Amino acid sequence: MTDQEVIQIARGVAKANNVSLVDVRTAPVMDSTGAAAIEVKFVLTPGSSADIMGERSALTVSQLIQELADKGEERFPIVRYEEQVAA
């Protein structure tokens, strides 16, 4: 899959879980075994990181992993959250 396709899926999963997003970014990384992986970073709106804690975060990550696997993505997604700093 292209990174743009991964981003589109990540945005859809975030929307389904009511995650307040500014952006989704990807980067190539390696997992702990040295295999190719993809970092998926959800950039949250300022002040919204408390809203994502717990079940919503777990659902978002697990659904993203499942959807990417279902679409044939071979790289394991390493998911991170980052809150955008208010200007």
Out of the stretch 65-83, which residues are touching a Gly at 6+ places or on another chain (Cβ under 9 Å) and more than 12 Å from Ala10 (Cβ to Cβ)? Glu83
Condition test on Arg56, is it in contact with a Lys or Arg (Cβ under 8 Å, 6 or more places away or on another chain) and either surrounded by fewer than 17 Cβ atoms within 10 Å (Cβ to Cβ) or not hydroxyl-bearing (Ser, Thr, Tyr) (or both)? no
Six or more apart or on different chains, Cβ atoms under 9 Å: show the pairs whose first residue is in the stretch 4-23 and hydroxyl-bearing (Ser, Thr, Tyr) and whose second is not in a helix (DSSP H, G or I). Ser20/Leu44; Ser20/Thr45; Ser20/Gly47; Ser20/Ser48
When Gln66 is run through (1) at pLDDT 95 or above; (2) within 21 Å of Gln84 (Cα to Cα), the failure sits at (2)
From (1) at pLDDT below 95; (2) small (Gly, Ala, Ser); (3) touching an Asp or Glu at 6+ places or on another chain (Cβ under 6 Å), pick out the condition that doesn't hold for Ala27. (1)
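The values are calculated or read from the model by the stated rules, or taken from the named source; none is laboratory data. Remember, predicted model here, so these are calculated numbers, not experimental data. Please note: Cβ atoms are built from the backbone with ideal geometry, for glycine as well, and neighbour counts cover all protein chains shown.
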